Amino acid sequence: MVQRCSWSLDGAEMQHYHDTVWGVPQFDSRMLFEFITLEGAQAGLSWRTILLKRDGYRNAFEQFDVHKIAAFNDHDVERLMLDASIVRNRGKISSTITNARLWLELPDPVGLVWSFVEGRPQQNHLAAMSDVPASTAASDRMSKELKRLGFRFVGSTICYAYMQACGMVNDHLVSCFRQSECAALG
């Protein structure tokens with residue numbers, strides 16, 4: 001029987017995400033922006049809720065094309081507030097637009113977010129879910145820098161979840177079949 005991190009056992013979508021996305025090093029700017037948006041949207045909610053709305057987010061936010069999102073205006077915010085396929089939270093919607101504009105201003109957004117792990121995935125060797133931190137010194141630094149630049153919904157816990165999702169850290173448990181597979185990618 002295949003061993004997985006226990007959090008992934010909450011439905012087929014969670015299992016698929018765990019088995020194919022979580023912990024895989026991501027260097028694509030669009031995908032990195034997508035995940036910073038989704039992790040911010042998760043604040044106060046479960047990841048499962050956001051994962052089930054991921055396609056809705058992709059449709060609502062132009063497949064996470066930051067150039068298109070940066071051009072959104074107040075009319076778009078109002079339109080998105082009526083869109084049940086995403087979390088209808090004005091602050092989270094507005095932050096996505098603000099964050100897209102700021103993302104475009106960065107000379108190297110991929111390099112920036114990866115700089116907090118020195119450009120390569122950190123390989124953790126955790127035995128139990130209780131060993132997985134909610135934040136780290138690296139996520140604290142990322143959060144502080146992104147906030148300094150004007151990004152919103154980027155607290156340290158959100159940044160750590162972002163780092164996990166994008167493979168900046170490998171927090172698959174040592175008993176999980178994906179731990180060694182993701183380690184090999186780093």
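Determine if region 74-89 includes at least one residue that is assigned to a helix (DSSP H, G or I), farther than 19 Å from Gly44 by Cβ, in contact (Cβ under 8 Å) with a residue 40 or more places away in the chain and aliphatic (A, V, I, L, M). The answer is no, given that none of the residues of region 74-89 is assigned to a helix (DSSP H, G or I), farther than 19 Å from Gly44 by Cβ, in contact (Cβ under 8 Å) with a residue 40 or more places away in the chain and aliphatic (A, V, I, L, M).
Every residue, every condition in (1) part of a helix (DSSP H, G or I); (2) over 27 Å from Asp131 (Cβ atoms); (3) in contact (Cβ under 8 Å) with a residue 60 or more places away in the chain, yes or no:
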site	(1), (2), (3)
Gln3	no, no, yes
Met14	yes, no, no
Gly23	no, no, yes
Lys92	yes, yes, yes
Ser95	yes, yes, no
Pro107	no, yes, no
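Annotation: Leu185 fulfils all but one of (1) modelled with pLDDT under 95; (2) under 18 Å from the mean Cα position of the chain (by Cα); the unmet one is (2). Only one of the listed residues (Leu102, Leu112, Leu80, Leu52) is more than 18 Å from the chain's Cα centre (by Cα) and surrounded by 14 or more Cβ atoms within 10 Å (Cβ to Cβ). That residue is Leu80. Scanning region 135-159 for residues that are in a helix (DSSP H, G or I), closer than 19 Å to Gly119 by Cα and out of contact with any Gly (no Cβ under 7 Å at 6 or more places or on another chain) turns up Ala137, Ala138, Ser139, Asp140, Arg141, Met142, Lys144, Glu145, Leu146, Ser156, Cys159. Restricting to region 12-29, name every residue that is closer than 18 Å to Glu181 by Cβ and of a type outside the set (Val, Ile, Thr). Selection gives Met14, Gln15, His16, Tyr17, His18, Asp19, Trp22, Gly23, Pro25, Gln26, Phe27.
The residues in region 25-44 that are in contact with a helix residue (DSSP H, G or I) (Cβ under 7 Å, 6 or more places away or on another chain), assigned to a helix (DSSP H, G or I) and surrounded by 14 or more Cβ atoms within 10 Å (Cβ to Cβ) can be counted, and the count is 12.
Determine whether Ser95 is under 19 Å from Tyr160 (Cα atoms), modelled with pLDDT of 95 or more and more than 18 Å from the chain's Cα centre (by Cα). When the stated conditions are applied, Ser95 does not pass them.
The values are calculated or read from the model by the stated rules, or taken from the named source; none is laboratory data. Being a predicted model, the structure only gives us computed values, none of them experimental. Here Cβ is always computed from backbone atoms with ideal geometry, including for glycine, and neighbour counts include all displayed protein chains.
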